[in-house]
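A.B. asks: Can you keep this structure in mind? I'll have questions shortly.
Read-outs throughout are calculated quantities, based only on the coordinates presented, and are distinct from any laboratory measurement. In this text the structure is predicted, and so the values were computed from the model without any measurement. With ideal geometry, Cβ positions are generated from the backbone for all residues, glycine too; neighbour counts draw on all protein chains shown.
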Amino acid sequence: MLKIGDQAPDFELNDETGKATKLSSFRGQNVVLFFYPLDFSGICTKELHEITSHKDRYEQAHAKVLGVSVDSRFTHAAFKRDENLAATLLADFHPKGQVAQLYGVYLEDKGIAKRGTFIIDKDGIIRGITVNNPGDARDEAAYFQQLSSCAV
């Protein structure tokens, strides 16, 4: 299991537009790596709406929010469009859950990720970790508290 102070494992996934997106391409800014079970589900939608409503606070913290689920980029595109979401959504679609497995939040028996959030500083170091079960919503205030330990 990853821990605070570890180098965040690098990966590359397609975003909702089909663009290949590599975690290491965000060096120089903080990242909120936000694993969630499924697009269009109740708690996931609520959490991503909260992130969208605080877009300015993430920008002030020089933080990019990357949402990751096992849904396809096409589902992500529809979800982002229909729900008017701000986060970049990455498809951990094939091989299914590979990045969630890398971060220790994949539920093999369910085929989805837990609600795992990793706060990663501008140098790629993990500065905060929150992991909840799929039915348990996260507290967004914790992200801002953890981001406060990251240099801007």
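A.B. asks: Rounded to the nearest angstrom and ordered from largest down, what semi-axes does the equivalent ellipsoid of the range 32-147 get from its C-alpha gyration tensor (root of 5λ)?
C.D. replies: The equivalent ellipsoid of the range 32-147 has semi-axes of 20, 17, 13 Å.
A.B. asks: Okay, next question. Ratio of alpha-carbon Rg to the 2.2 N^0.38 Å globular estimate for the range 91-149, to two decimals, please. Kindly include the intermediate steps, with their values, before the conclusion.
C.D. replies: Values: Rg = 12.5 Å, N = 59, 2.2 N^0.38 = 10.4 Å.
Its radius of gyration relative to the 2.2 N^0.38 Å reference: 1.21.
A.B. asks: May I ask for the equivalent-ellipsoid semi-axes of the range 3-91, computed as the square root of five times each C-alpha gyration tensor eigenvalue and listed largest first in whole Å?
C.D. replies: 20, 16, 12
A.B. asks: Going highest first, how would you order 102-109, 77-84, 18-25 by mean Cβ packing within 10 Å?
C.D. replies: Answer by packing, highest mean first, reads 102-109, 77-84, 18-25.
A.B. asks: Using Cα positions and a limit of under 21 Å, work out the lysines in reach of residue 64, with same-chain residues fewer than 8 apart set aside.
C.D. replies: Here the lysines satisfying the reach criterion relative to residue 64 are 3, 19, 22, 46, 55, 80, 114, 122.
A.B. asks: Taking the dipole about the Cα centre of the range 32-147, with the C-beta of Lys and Arg at +1 and of Asp and Glu at -1, give me whichever of 146, 33, 116 is farthest to the positive side.
C.D. replies: Comparing the listed Cα positions along the dipole, 33 ranks first.
A.B. asks: Sorting 112, 125, 51 on the 10 Å Cβ count, fewest up front, what's the list?
C.D. replies: Fewest-to-most ranking of 112, 125, 51: 125, 51, 112.
A.B. asks: Given the rule -39500 (n - 2.57) for each run of at least 4 DSSP H residues, summed and divided by the residues of the chain, what is its mean residue ellipticity at 222 nm, to the nearest 500 deg cm²/dmol?
C.D. replies: -7500 deg cm²/dmol
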